[in-house]
Amino acid sequence: GDVWLVLVAGGTARRLTQHAAEESLPAFSPDGKRVAFVSTREGGVRQVFVMPVGGGEARQVTFHSEGAELRE
């Protein structure tokens, strides 16, 4: 699964990520400029990545050997 973005009111969805790995649990940063998500893209272990809402490169921000999750 990839991460997609669409307005609450509806409209055309825009794909933020495109990777063969599973990506899930997206969450906006408090300022709304970035989106964090969990992905297995680096070695199959779930890690947290962050990327700009406007698109661009995803940056890995956790490196735990047993994986990581996003929590509210």
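Here are some notes:
- Over all pairs of different C-alpha atoms in segment 19-72, the reciprocal of the mean inverse distance, the Kirkwood hydrodynamic radius, equals 11.2 Å.
- Most mobile listed residue (34, 14, 46) in the chain, GNM with C-alpha springs under 10 Å: 14
- Amide H contacts under 5 Å for residue 16, placed H, 5+ residues apart: 3, 4, 5
- Distances between placed amide hydrogens fall under 5 Å for residue 53 paired with 34, 35, all partners being 5 or more residues away or on another chain.
- In plain terms, the chain from residue 20 to residue 60 could stretch by 12.8 nm, reckoned as 0.36 nm per residue minus the Cα-Cα distance.
- In this simple spin-label approximation, residue 27 and residue 7 carry label points 7 Å from Cα along the Cα→Cβ vector, and these lie 2.7 nm apart.
- Candidates per chymotrypsin sites (Phe, Trp or Tyr not before Pro) in the chain, loop by DSSP, up to 13 other Cβ within 10 Å: 63
Computed from the coordinates by the stated procedures, all read-outs in this text should not be read as laboratory data. All values derive from a computational prediction rather than experimental measurement. We place every Cβ from the backbone using ideal geometry, glycine too, and count neighbours over all the protein chains shown.
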